[in-house]
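Colleague: Questions regarding the structure given below will be posed in turn.
The values are calculated or read from the model by the stated rules, or taken from the named source; none is laboratory data. Computed from a predicted model, the values in this text were never measured in an experiment. For neighbour counting, all protein chains shown are included, and Cβ atoms are generated from backbone atoms with ideal geometry for every residue, glycine included. Note: accessible area is taken over every heavy atom of the protein model, side chains too, but ligands, DNA and RNA are not part of it. Shrake-Rupley method; radii C 1.70, N 1.55, O 1.52, S 1.80 Å.
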Amino acid sequence: MADVVLEVDRVRKSFGGVHAVDDVSFALPAGEIRALIGPNGAGKTTLFNILTGQLPADAGSVRFRGRPIDGLAPWAIWRLGIGRTFQITATFATLTVLENVQVARLSHVRRSRALFRPARTLELGPATTLLEQVGLADQRSRAAGVLAYGDLKKLELAIALAHDPTLLLLDEPTAGMAPAERGALMALTARIARARGLTVLFTEHDMDVVFATADRIMVLHQGRLIAEGTPDHVRAHREVQAVYLGDAV
Amino acid sequence: MSPSIIVVQLLSGLAKAMVLFLIASGLSLIFGVTRVVNFAHGSLYMLAAYLTYSLTAALPFGAASFYVSVLAAAVAVGLVGLVIEVGLLRRVYKAPELYQLLLTFALVLVISDVVKLAWGSENKTGPSAPGLAGSVPIAGQLFPTYDLALIVFGPLVALALWWLFYRTRWGVLIRAATQDREMVAALGVDQARLFTAVFALGSALAGLGGALQVPRQPLTIVMDTSIITEAFVVVVIGGMGSVPGALLAAVMIGVIEAFGVLVLPKATLVMTFAVMAIVLIVRPWGLLGRPESQGRGAGGAIASTSAVPVPRAAIVALLAALVALPPLLPTFHVWVLVEILAFALFAASLHLLMGTGGMVSFGHAASFGLGAYGAALLMKLAGVTMPVAFVAAPVVAAACALVIGFFCVRLSSIYFAMLTLAFAQIAYAIVHQWYDVTGGDNGLLGVWPARWLATPLRYYYLALVACVAGIALLGVIGRAPFGLVLRAARDHARRAEAVGVNVRRHQWLAFVIAGFFGGLAGATFVFLKGSAFPDYFSVPRSVEPLVMVLLGGVQAPAGAPLGAAIYKILDTVATKYTEYWQMVLGVILVTLVLAFPRGVIGVLRRG
């Protein structure tokens, strides 16, 4: 078995009396692309926020390449090699597309506090390469705030890849996009991930995208993991059909 | 301390608290619903006080005249508020919040001169309240009957407000609006009318407070600025938008001040602001306020696009003129130029915080004052030479910014602004009351440049080098990775954290850098004037660079020096031709805000 990149052990989080994440454990081996699915309110985003340090877990532990990361600040977790995107696209609106990626690169190479060199010329090569990979190179001088939605999602991906992460956490990477675009963006993401040997965990509502992209799938329902396995296994899973696909179809 | 003194001090603290509550509740309401930080609130209070003074004398109702006047003044000021909202504020709700602030600041200037024009600058002693004029013996001491009446009246107003908010449909809408404006709008409520009504009500409350203050203290033309800072303290401690919070905080502050006078008479001014600082540090959203619902428009206090490149030729031409022209100018103009240079640097240092970093400071005067006093005290107490003091002063300011910033960067938006204000006021209070070291009100005199720099021209060139170098360095920092990352954190703090940026640490560094250059500006200024006064730390001194940055246009670093030059020239010219220069300046500011809600640079770029 490949090295375990992410190990989540009995993580819990409740808000008031509601168990948003209830005793969730799983391990993510290196190089795997895994989907986390579940109906709205299943706890996917809460789990993501715990993994990325935005929320503290009530109990349990999260290990990244064997190292406990719970309690670390988001920026410290990023430094270890975990990139993320947000469900509601988050970019730097008044910065140009290129500058958005430059910020992430400058942070990565620990130049974010350099005071006296013009930023304009720094990290241009790597930033441009990233933009080329996601197909945004021709938009590099536009302000991120005026981009079309699909392009914003691509920009987020480029930002998330900027520090050569080991693990990518993508929270609904295609939410809000047209169906045709969704498949294309996820295929692009998968291609880049496989080429770089990245491990990916993503949440997604579009089942076509999920079954086309993921190596394995986990199903979260009311804060609990109720199934985990290959797409075929999950498709055939009785409980999943009952609580999840049953609702949707 | 005898028990009787305690009782009487407690009561007089409560009386003060009631007036404070009236004013602060209005301010809090207006902020809660419209998100306008109304600097003119104190001016409305002052206006009502003067109106009451004149009406009481003019009305023919005998003993009842005073009470009719109080009501009439409150209503009249409520109407003034209505006119301000409909005529001015409504036009700039869509502009960045700070432009609304600029507008209300302009109104402070205008109303202040209107009062001066109508009533003159001498203090006025108001009428006493008929029937409540004497004193009653309480615990063996005499206590003013009027104050006792206020203690009864305050809770009645609180009760009336409670009824309004909890027992009427209108009140429900207001409470809903303080918690979620967009939701109320989505429910189909006419937001424009709600805003107008709230602004008028809030203004009337300020008016009532001012009117009721008349029998308690002489009327002065600086009533507005002294009350507005206190009102802000109360609002912030109680929680922005919370009326019960305003009541609680007003009582706290009233009582603390009353006992402070007894216990630590030298530290009364420090105490209230220290309380505010502690509350903000422990509970940033105030005692009874709610944490801001983050996310929507987060960090977007000022919409700002990438820097506007200023043509190199224009900069070279300007610098050439600054080097070549002064020997040809009269001395007075050289002095004005030095002042402009100092303020250009001061505004540019604030721009790094508010423009690049999106951190709006209401207390940037602290850096200016620390630079000025730092230089002056180094010379007076440590006996260092002037050039050394000049160079060390910004370091003093930066060191203090390191401490102040540590606390401030934990907060964001309006709470950050208020904590910076609190620290600036603490510094002001210390300088004002620590006579032995700072000379208090009398200031520090004889802070002159070294002999070889003492001619106007020589000092001008020193100032030119220091300020231009400072502004240029700030420009370089703004364009460096640090500036870029700071802008990124301003645009989206969470995203910045999620690319490995420790946002607080970067904001802290920005705070220290801004403090350093603000201190350099203060040092430049102190050797120009030859003296340092506590008002270097005052609120108006903090507002000035804010106005300059907004005037020039917050989106471009070049806007700050430009705005400083425009502001100072207006100031100088208007002062020369009229005693009422504040009004002229205010009217010009109002016009500018309404005409160019994006600052002058924004217009230059388009045109």
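Colleague: Select from the range A:101-116 all residues whose loss of accessible area on going from the chain by itself to the full protein assembly reaches 40 Å² or more (probe 1.4 Å).
Modeller: Residues of the range A:101-116 that lose at least 40 Å² of accessible area once the other chains are added: A:V103, A:S112, A:R113, A:L115, A:F116.
Colleague: Along the Cα→Cβ direction, 7 angstrom out, place labels at A:A137 and B:T455. What is the inter-label distance in nm?
Modeller: Distance between the two pseudo-spin positions: 6.2 nm.
Colleague: Could I ask something else about it? Return the calculated 222 nm mean residue ellipticity for chain B, to the nearest 500 deg cm²/dmol, obtained by summing -39500 (n - 2.57) across DSSP H runs with n ≥ 4 and dividing by the residue count.
Modeller: Numbers: 25 runs with 429 residues, N = 607.
Dividing the helical sum by the residues of chain B leaves -23500 deg cm²/dmol.
Colleague: Hey, what did the range A:142-240 get for relative contact order, percent, Cα under 8 Å, at least 6 apart?
Modeller: Relative contact order here is 21 percent.
Colleague: With contacts defined as alpha carbon pairs under 8 Å and 6 or more residues apart, what's the relative contact order of chain B in percent?
Modeller: Working: 1051 pairs, mean separation 123.8, N = 607.
Relative contact order here is 20 percent.
Colleague: Would you mind getting me the FRET efficiency between B:V83 and B:R290? Use the beta-carbon distance for r and R0 = 25 Å, nearest 0.05. Write down the numbers at each step before the final one.
Modeller: Values: r = 31 Å, r/R0 = 1.26.
Step by step, r from the Cβ atoms, then E = 0.20.
Colleague: How far apart, in nanometres, would the label points at B:A118 and B:V282 be if each is projected 7 angstrom from Cα along the Cα-to-Cβ direction?
Modeller: 4.3 nm
Colleague: Each residue of the range B:140-147 in turn: what ³J(HN,Hα) in whole Hz from Karplus with 6.51, -1.76, 1.60 and θ = phi - 60°, glycine and Pro shown as x?
Modeller: With coefficients 6.51, -1.76 and 1.60, one gets x, 10, 8, 10, x, 4, 4, 4 Hz.
Colleague: Shifting gears a bit: For a paramagnetic label modelled at 7 Å from the Cα of B:Q179 toward its Cβ, which residues of the range B:223-248 fall within the zone defined by backbone nitrogen distances under 15 Å?
Modeller: B:241-244
Colleague: If you stretched the chain out fully between A:V146 and A:L188, how much longer would it get, using 0.36 nm times the residue separation minus the C-alpha to C-alpha distance? Provide the component values of the computation, followed by the final result.
Modeller: On the way: separation 42, 0.36 × 42 = 15.12 nm, distance 2.26 nm.
Between A:V146 and A:L188, full extension yields an extra 12.9 nm.
Colleague: How big is the Cα convex hull of the protein assembly as shown in projection, averaged over all directions, in nm²?
Modeller: On the way: hull surface 162.1 nm².
Averaged projected area of the protein assembly as shown's Cα convex hull equals 40.5 nm².
Colleague: Related question: Which cross-chain or sequence-distant (5 or more) residues have an amide H under 5 Å from the amide H of A:A114, H modelled 1.01 Å from N in plane?
Modeller: B:F482
Colleague: Give the interface area between chains B and A as buried accessible surface, both sides summed, probe 1.4 Å, in Å² to the nearest 100. Could the numbers behind the result be given before it?
Modeller: Details: alone 24970 and 11750 Å², together 33990 Å².
Roughly 2700 Å².
Colleague: Of A:A195, A:A57, A:A227, which is the most mobile in a GNM of chain A whose springs link Cα atoms less than 10 angstrom apart?
Modeller: For chain A, modelled as a Gaussian network with Cα springs under 10 Å, the answer is A:A195.
Colleague: How are the Cα pair distances of the range B:206-300 distributed, in percent, across 10 Å bins from 0?
Modeller: Pair shares across the bins are 15, 39, 33, 10, 3.
Colleague: Any chance you could look up the accessible area of B:I588 with a 1.4 Å probe, heavy atoms only, rounded to 10 Å²?
Modeller: For B:I588, solvent-accessible area is about 50 Å².
Colleague: How much of the accessible area of the range B:330-539, probe 1.4 Å, is carbon plus sulfur, in whole percent?
Modeller: Numbers: 4720 of 6730 Å².
The C+S portion of the solvent-accessible surface of the range B:330-539 is 70 percent.
Colleague: So if we plug the beta-carbon distance of B:T385 and B:S135 into 1/(1 + (r/R0)^6) with R0 = 45 Å, what FRET efficiency do we get, rounded to 0.05? The partial results should precede the final answer.
Modeller: Values: r = 58 Å, r/R0 = 1.30.
For R0 = 45 Å, the calculated efficiency reads 0.15.
Colleague: A further question follows. Using alpha carbons only, how many degrees (0 to 90, rounded to 10) separate the axis of helix A:179-196 from the longest principal axis of chain A?
Modeller: Compared with the principal axis, the helix lies near 80 degrees.
Colleague: Whole angstrom only: what separates the Cα centroid of the range B:1-53 from the Cα centroid of the range B:357-416?
Modeller: 31 Å
Colleague: Write down Rg/Rh for chain B, rounded to two decimals, with Rg from the C-alpha atoms and Rh from the Kirkwood relation over Cα pairs.
Modeller: On the way: Rg = 24.3 Å, Rh = 25.0 Å.
Dividing the radius of gyration by the Kirkwood radius yields 0.97.
Colleague: Divide, for the range B:330-539, the radius of gyration over alpha carbons by 2.2 N^0.38 Å, where N is the residue count. Mind showing how you got there, number by number?
Modeller: Numbers: Rg = 17.2 Å, N = 210, 2.2 N^0.38 = 16.8 Å.
Cα Rg divided by the expected 2.2 N^0.38 Å: 1.02.
Colleague: In 5 Å bins starting at 0, how do the alpha-carbon pair distances of chain A split up by percent?
Modeller: Percent of Cα pairs in each bin: 1, 6, 14, 17, 19, 17, 12, 8, 4, 2, 0, 0, 0.
Colleague: For the protein assembly as shown, what is the accessible area per residue in Å², given a 1.4 Å probe and the full set of protein chains? It would help to have the intermediate numbers written out before the result.
Modeller: Details: 33990 Å² over 856 residues.
The answer is 40 Å² per residue.
Colleague: May I pose another question? Please list, in chain and number order, the residues 5+ apart from A:A227 or on another chain whose amide H is under 5 Å from its amide H, with Hs placed from the backbone.
Modeller: Result for A:A227 returns A:V219.
Colleague: Could you tell me which trypsin sites (Lys or Arg not before Pro) in the range B:39-128 are loop residues by DSSP with no more than 14 other beta carbons within 10 angstrom of their beta carbon?
Modeller: Working: sites: B:R90, B:R91, B:K94, B:K116, B:K124; in loops: B:K94.
Here the trypsin sites (Lys or Arg not before Pro) that fit, given the DSSP loop and packing criteria, are B:K94.
Colleague: Pull up all non-local amide H partners of A:L36: gap of 5 or more, or a different chain, and H-to-H distance under 5 Å with H placed in the peptide plane.
Modeller: For A:L36, the qualifying residues are A:F202, A:T203, A:E204, A:M218.
Colleague: Apply the Karplus curve 6.51 cos²θ - 1.76 cosθ + 1.60, θ = phi - 60°, to the phi angles in the range B:107-124 and return the couplings in whole Hz, x for Gly and Pro.
Modeller: So the J values, rounded to whole Hz, are 5, 4, 4, 5, 5, 4, 6, 4, 5, 4, 5, 7, 10, x, 8, 6, 5, 10.
Colleague: Tell me the label-point distance for the pair A:A178, B:E579, using the 7 Å Cα-to-Cβ offset, in nm and rounded to one decimal.
Modeller: For A:A178 paired with B:E579, the spin-label model returns 7.1 nm.
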